[in-house]
Amino acid sequence: MSESQASNQRPAWMEDELVREIPQKKLDFLGQLFTESQGKSQKEMMSMMLPMMRRAKAEHLSFTTQEMNSAIAAIRKHSTSEELSKIDKILSQAGQQKGTPQ
């Protein structure tokens, strides 16, 4: 299958070896989260996160640290520099909200 055919079905990061062990249902959830966050400001994205996390809980989806790290690494690997900048800002702010020193 060519890369363009694959991209019509799923984002490239979902095909990456890094996320090979993550169940499809979890990847689909992360894919929706990533898609819905496109084009949103940092503030809009942060307000979107709480409902998405509630939905994950309702669907009994929980992510191990390894799964999250692998998904983030795969997304970063297939992101533009502008997307990488947004990802870094969101992760930084999320860490600050948890009280994690940066």
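For this structure, a couple of remarks:
- Filter pass, Phe63 being within 14 Å of the chain's Cα centre (by Cα), surrounded by 13 or more Cβ atoms within 10 Å (Cβ to Cβ), outside any helix (DSSP H, G or I) and touching a residue at least 24 places away in the same chain (Cβ under 8 Å): yes
- The range 6-41, residues that are over 23 Å from Ser85 (Cα atoms), open to solvent by 60 Å² or more (accessible area, probe 1.4 Å) and at pLDDT below 90: Asn8, Gln9
- Restricting Glu3, Glu82, Glu44 to residues that are out of contact with any helix residue (DSSP H, G or I) (no Cβ under 6 Å at 6 or more places or on another chain), surrounded by 10 or more Cβ atoms within 10 Å (Cβ to Cβ) and either at pLDDT below 90 or not polar (S, T, N, Q) (or both) narrows the list to Glu44.
- Flag if Ala56 is surrounded by 11 or more Cβ atoms within 10 Å (Cβ to Cβ) and touching a residue at least 40 places away in the same chain (Cβ under 8 Å): no
The values are calculated or read from the model by the stated rules, or taken from the named source; none is laboratory data. Just so we're clear, the structure is a prediction, and the values are computed from it rather than from any experiment. Every residue, glycine as well, gets a Cβ built from its backbone with ideal geometry; the counts of neighbours run over all protein chains shown. Accessible surface areas use protein heavy atoms only, side chains included; no ligands, DNA or RNA. Shrake-Rupley method; radii C 1.70, N 1.55, O 1.52, S 1.80 Å.
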